[in-house]
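What follows is calculated from the coordinates using simple rules that are stated; it is not laboratory data. The model shown is predicted, which means the values in this text are computed figures rather than measured ones. We place every Cβ from the backbone using ideal geometry, glycine too, and count neighbours over all the protein chains shown.
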């Protein structure tokens, strides 16, 4: 059973076609990465799956049911997304408690207090943060709240849009470890967008390399150790990242 | 642990404690601003005066005494008497009820209307935006008092119609503000996140968009109160608002106009009342702007 499947998907913003002919399959329980430089269309693929970039053609299905072009409730309980910027993805006037209870309220689920407390513990946030506002939290704490919000509906598939790129290096490691642990504990499927190859080798089983809106190669993440890329652009990207010493100390 | 420590605890244990703590912080910030305190005191005075008018006013606002007409201010008549011998102080005190009613009804009608129109237009964009903002622009393009005059002329003179007319002219400015504010965050990630959670558009607008617009709206409405009072007074002055013998301040000034050179107090005393209350709302509005500004809230 495939968790996410794209067949020949084109995505446009207005008249501009951002992604062309994207096709890949993510197996259930797998962690799959989309890598590429800025503007290669990797975040757009996530948005199209989530329903936030509605202008696409082709076939997208999540857990074997085809996606509509908009977010909907049945999709919400199966697949959720964590955004890149923890400073912009939390409502500035709502406490952590309200933010985490909102998914339950929208979907009419009870026992909210107990579930919020349980989820705070699962993402490693102390209970005293429960009634704080986002501006009273650090970037890493905010991203934990965002991850907790995405997990409130117990989805099986998570879309991660560069979940660590807006954070300090030391905090990045914490969040990556948290994501890895949650995946192991809850059997989640990850589709992760990143431009950071060390993050891919730490987190992911396979990856798709994107360039100028096209998927140029799909390779296992072991290719990052032996450099066995076949596509010229993928090799170039690998060389550029490997030649950059300050990226080697990343997890 | 004192009550103050409990309120200011930065990791509250319950929703109630968190909300009370926030209200406490806002209250103390407001109290640290002397002008805002003056404004709040004036508004509180207005409310108390309106509530206890029969006990404060020495005479009825309608009781005529033609033997004592146009008396200057004196210990018997603190603000003098008008052309029918009515005690002006009593009329000003009773007039506070009318003013408070006008202000609160206009705010209750026009602020939510403007807020919803603006938020809907800003959130959806496209043709709903163009349609709603087109209507708003038509209303905005006409001078407030003239538009209110036209409505009152069509509906007939009277205080209720004056309130409706002012409310109809007041909402477009709020709609513009709410739309501008909504557009700044309608594409932000926290709105996308709620959409992904399966929330309906109505829920997003009411639960996530409107709370972000309300604080600037409260400030704006408070600052506009002065203008609303003046418009109501203007309508009263032109004879299209409150009808005699209602002690509406604008209408009282209008009546005093005939005697302004020889009996100045007839027009001046209600004028002072209008100035004082307008000033009170302006000062309070300024103070609220400082308290409700989210950037400042982050620092405290």
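The table below gives the values:
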| quantity | calculated |
| --- | --- |
| Zone residues, the stretch B:201-220, relative to residue B:188, backbone N less than 18 Å from point 7 Å out along Cα-to-Cβ | B:203-219 |
| Inter-site label distance for residue B:131 and residue B:84 at 7 Å from Cα along Cβ, in nm | 5.0 |
| Point-to-point label distance, residue A:114-residue A:68, nm (Cα→Cβ direction, 7 Å offset) | 3.2 |
| Förster radius 51 Å - calculated FRET efficiency between residue B:124 and residue A:235, Cβ distance, rounded to 0.05 | 0.65 |
| Contact order relative to length of chain A, as percent, for alpha carbon pairs under 8 angstrom and 6 or more apart | 25 |
| Of every Cα-Cα pair in the stretch B:142-300, the percent that sits beyond 24 Å | 51 |
| Spread of Cα-to-Cα distances over 10 Å intervals beginning at zero, given as percent, for the stretch B:22-61 | 27, 34, 23, 13, 2 |
| Base-10 log of normalised Debye intensity for the stretch A:53-147 (one unit scatterer per alpha-carbon) at q = 0.20, 0.22 Å⁻¹ | -1.03, -1.14 |
| Principal axis box of the stretch B:50-168, alpha-carbon based, largest edge first, Å | 67, 28, 20 |
| Percent antiparallel among DSSP beta bridges (both partners in the protein assembly as shown, rounded to 5) | 55 |
| Gained length - residue A:105 relative to residue A:154, 0.36 nm times residue gap less alpha-carbon distance | 16.2 nm |
| Modelled FRET efficiency - R0 45 Å, residue B:243 with residue B:28, Cβ distances, 0.05 increments | 0.50 |
| Evaluated at q = 0.10, 0.11, 0.13 Å⁻¹: base-10 log I(q)/I(0), Debye formula over Cα of the stretch B:1-104 | -0.50, -0.56, -0.66 |
| Estimated D of chain A in µm² per second, where Rh is the Kirkwood radius over Cα pairs and Stokes-Einstein applies at 20 °C, 1.002 mPa s | 115 |
| Helix-only mean residue ellipticity at 222 nm for chain A, each DSSP H run of n ≥ 4 adding -39500 (n - 2.57), per residue, nearest 500 | -10000 deg cm²/dmol |
| Residue A:20 paired with residue B:160, simple spin-label distance in nm, labels 7 Å along Cα-to-beta-carbon | 6.9 |
| Anisotropy class of chain B from Cα gyration tensor, a/c 1.5 cut | oblate |
| Between helix A:96-106 and chain A: long-axis angle, C-alpha atoms, 0 to 90°, nearest 10 | 80 |
| Rh (Kirkwood; distinct C-alpha pairs) - the stretch A:108-251, Å | 16.9 |
| Net length gained if the chain between residue B:62 and residue B:6 were fully extended (0.36 nm per residue, minus Cα distance) | 14.9 nm |
| Estimated translational D of the protein assembly as shown in µm²/s (Stokes, Kirkwood radius over Cα pairs; 25 °C; 0.890 mPa s) | 89 |
| Relative contact order [Cα under 8 Å, 6+ residues apart], the stretch B:87-299, whole percent | 26 |
| Shape of the stretch A:25-90, Cα gyration tensor, a/c cut at 1.5 | rounded |
| Using a Förster distance of 22 Å, the FRET efficiency for residue A:170-residue A:126 (Cβ separation, nearest 0.05) | 0.75 |
| Pairwise centroid distance, computed over Cα atoms, of the stretch A:24-67 with the stretch B:1-77, Å | 58 |
| Helix-derived mean residue ellipticity, 222 nm - over chain B, DSSP H n ≥ 4, -39500 (n - 2.57), to 500 | -24000 deg cm²/dmol |
| Relative packing of peptides A:5-17, A:169-181, B:94-106, B:264-276 - highest average C-beta neighbours within 10 Å first | B:94-106, B:264-276, A:169-181, A:5-17 |
| Prolate/oblate/rounded label for the stretch A:63-111 (Cα gyration tensor, a/c 1.5) | oblate |
